Structures are given as structure tokens and as C-alpha cells.
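Notes follow once the structure below has been shown.
The values are calculated or read from the model by the stated rules, or taken from the named source; none is laboratory data. Treat the numbers as computed from the prediction; the structure is a model and nothing was measured. Glycine gets a Cβ as well: all are built from the backbone with ideal geometry, and neighbour counts include every protein chain shown. Surface accessibility is based on the protein's heavy atoms, side chains included, excluding ligands, DNA and RNA. Shrake-Rupley method; radii C 1.70, N 1.55, O 1.52, S 1.80 Å.
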Amino acid sequence: MQKQTLEQEHQAPLIGVDIGGTNTRIGLFPSLDTPEFMLLAKFPTHADYDEQLQHMAQVLQEQDVRNVAGIGVSIAARIAKDGQTVIFAPNLPGYIDKPFASQLMALCTSPVRLAHDTVCGLLAEARFGVLQRVERCAYLTVSTGTGAALQLGKAGTRLISSIEIGHQILDGNSRQCLCGMTGCLETYTGGRQLELRYRHPIEHMTDSAFWETFVEKLSIGLVNLAQLTRIDVIAISGAIVLNNPSLLPALQTKIDHLLTPSRLELCLAKLGETAPLVGAASLLAIPEDSVLH
Ligand SMILES: [Zn+2]
């Protein structure tokens with residue numbers, strides 16, 4: 001029998017929190033029948049973990065949301081397998097190994113669930129966006145870093161996991177990655193790494209050879225993912241794709257050329273920048289053990 005979710009148990013409002021590398025947003029969701037929410041706060045994410053925790057607690061106490069069914073948190077960081085702490089966060093190093101979930105739960109006296117932002121993006125797209133009724137799919141963000149989450153299975157029995165798609169090794173790539181390894185895909189596709197390499201933001205890159213290489217390397221990474229998992233659809237988000245409308249069709253053309261006989265469909269994610277926030281609240285509507293951190 002499928003486990004009850006917090007949403008089913010309480011029918012009370014839910015809180016979603018999206019902690020990005022730049023901004024934090026906190027939303028109140030009257031229900032999860034629609035992706036609509038009331039924005040309670042938006043503030044620059046504190047690099048200091050204690051300041052961030054205090055700021056979040058202050059917002060939640062001011063709104064008197066102590067009786068919400070639960071708090072779902074999306075964070076731009078790799079989460080420990082027990083779902084309780086941050087273990088890798090290039091943009092938020094001060095959060096690593098802190099008892100984030102338990103401290104937040106103690107402050108707010110509500111159940112707390114924590115997940116990688118790509119897991120939350122996938123949940124939002126699967127509930128309200130382009131991944132509805134798709135059994136095998138992924139959510140990809142192409143921004144400061146290149147991250148993804150994978151879903152295998154039907155709603156109710158599905159498993160969702162964040163995956164290190166940006167840190168798969170490409171043959172013949174001698175570039176040093178910021179993660180410490182050599183040869184990662186993200187050395188060709190990660191906004192932060194490329195900005196350090198070329199010394200200016202990559203949205204200003206006008207060199208067509210640069211973008212050809214970008215498309216070629218990312219296509220190989222996505223074809224590898226499709227072959228290893230047999231996914232059918234990828235919902236794509238992130239500033240680099242959103243700022244380059246020609247990128248998605250170029251990627252699709254390249255993938256169609258490389259991948260045979262199966263087909264991988266790329267779609268622009270529907271929920272845009274609200275996906276991690278909507279997905280954070282959605283964490284409370286699915287069985288806890290359906291997410292592998
Ligand atoms: Zn890497």
C-alpha cells in the first residue's frame with residue numbers, strides 16, 4: 001500500500017522554500033492542486049548558514065505558519081543520502097555538514113523535507129508541466145552548473161534521484177573541472193567554469209565555434225544519459241538555455257543525429273524559475289522514500 005503523504009494527512013497549507021545560489025524565496029501553498037502560491041519572502045541567500053537559518057525562521061514566524069503541514073526545501077547543493085544535510089555546495093560552502101533539516105524542523109515545529117533543486121524542478125514539471133504522465137524522464141538545468149534529476153517509474157511507484165550529469169567524463173577532455181576531477185562535461189557547459197576560463201559571462205559569447213562545441217559536448221552527455229536509462233523526455237531549464245533560443249533546436253538536431261534507433265525529446269520546462277519552489281512544496285505530497293538523494 002502506498003504510504004500516506006503529509007498532504008493527505010493534514011490538508012493544511014504547505015511551505016515551499018527555494019534556496020538558490022543568489023536568492024531565496026519562500027512561498028505558501030494553500031494546496032497542491034495548482035502551482036499557485038503566495039510569495040512570503042524573497043531575499044539574497046546568506047552565505048553564512050546561521051544567518052540564513054535565522055532569516056528563514058523569522059519569515060516563517062512573522063507569517064504565523066507554525067501549523068502548516070510541512071516545509072519542503074529546494075537547495076542548489078548536493079544532499080547526503082539520508083536527506084538531512086548538504087555535502088557539496090560550490091556556491092554555499094558554509095552550509096556543508098550542518099544539521100539543516102533537523103534545525104529547521106526544531107525552529108518551525110513542522111516536518112521538513114530537503115532535496116536538490118533539480119529533484120524539485122523535476123517534481124514540479126511532473127506534477128504541472130511538460131513531464132506529466134511520462135514514466136522515464138529527466139529534468140536538466142543548464143546554468144551556473146549543469147545539473148539533472150532522473151525519474152524512473154509511474155506515479156506512486158516512481159523513483160527520483162539527482163544525478164551528476166555535469167560530472168560525467170568525456171573521452172579526450174583534459175580540462176580540469178571545479179569539482180576536482182579531470183574531463184567533466186561541465187568544463188564545456190557550466191556557466192561558472194566557462195566564465196572563469198573566458199573571463200566574461202558566456203551570454204556575451206558571440207563565437208559560433210564556441211556554441212557548436214557547447215552543443216556537441218552537451219548532446220553527447222544527454223545521449224549517454226538516454227542510453228543508460230532509456231528515458232524518453234528531458235525538460236530543460238536554466239539561464240543559458242533561456243537566453244539562447246536557438247540552443248534547444250540545435251541540441252535536438254544533434255541528438256537526433258547521434259541517437260538511433262530510439263528517440264529523446266527535449267522540451268523547454270514549463271514552470272520556469274518557479275519550478276524549484278513549486279517542487280519543494282511538492283516534496284511533501286510524495287512518499288519520502290520515492291526520492292533517492
Ligand atoms: Zn566535475
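Side notes on the structure shown:
- Breaking point among (1) outside any loop (DSSP other than H, G, I, E, B); (2) modelled with pLDDT under 90, for V73: (2)
- Residues satisfying the criterion are absent from the range 211-224 (criterion: buried (at least 16 other Cβ atoms within 10 Å of the Cβ) and outside any helix (DSSP H, G or I)).
- Scanning the range 23-38 for residues that are at pLDDT below 95, of a type in the set (S, T, N, Q) and either more than 18 Å from L53 (Cβ to Cβ) or buried (at least 18 other Cβ atoms within 10 Å of the Cβ) (or both) turns up S31, T34.
- Cβ-Cβ distances below 9 Å connect the following pairs, each with a first residue in the range 157-179 that is closer than 17 Å to L228 by Cα and in contact (Cβ under 8 Å) with a residue 60 or more places away in the chain, a second residue that is near the ligand (Cβ under 9 Å from one of its atoms) and in a helix (DSSP H, G or I), and a separation of six or more residues or different chains: I165/E186.
- All of (1) within 13 Å of the ligand (Cβ to nearest atom); (2) not in a loop (DSSP other than H, G, I, E, B) hold for N173 with one exception: (2).
- Contacts under 6 angstrom Cβ, first residue in the range 216-231 being in contact (Cβ under 8 Å) with a residue 12 or more places away in the chain, partner basic (K, R) and in a helix (DSSP H, G or I), 6 or more apart: S219/K254
- The residues listed here are G183, G238; of these, the one that is within 16 Å of the ligand (Cβ to nearest atom), at positive phi and either open to solvent by less than 20 Å² (accessible area, probe 1.4 Å) or among the hydrophobic types (A, V, I, L, M, F, W, C) (or both) is G183.
- When R127 is tested against the conditions (1) open to solvent by 30 Å² or more (accessible area, probe 1.4 Å); (2) in contact with a Cys (Cβ under 9 Å, 6 or more places away or on another chain); (3) of a type outside the set (S, T, N, Q), the lone failure is (2).
- Residue within the range 272-283 that is free of Cβ contacts under 8 Å to residues at least 40 places away in the same chain and either more than 16 Å from V142 (Cα to Cα) or under 22 Å from the mean Cα position of the chain (by Cα) (or both) present: yes
- Those residues of the range 39-59 which are in a helix (DSSP H, G or I) and either open to solvent by less than 10 Å² (accessible area, probe 1.4 Å) or within 22 Å of A89 (Cβ to Cβ) (or both), in sequence order: Y49, D50, E51, Q52, L53, Q54, H55, M56, A57, V59
- Selection from the range 145-170 of residues that are within 13 Å of the ligand (Cβ to nearest atom) and assigned to a loop (DSSP other than H, G, I, E, B): G145, E164, Q168, L170
- Check on G272, surrounded by fewer than 17 Cβ atoms within 10 Å (Cβ to Cβ) and not polar (S, T, N, Q): yes
- Residue selected from the range 199-211 under the condition in contact (Cβ under 8 Å) with a residue 12 or more places away in the chain and closer than 20 Å to N91 by Cβ, by the criterion nearest to the ligand (Cβ to nearest atom): I202
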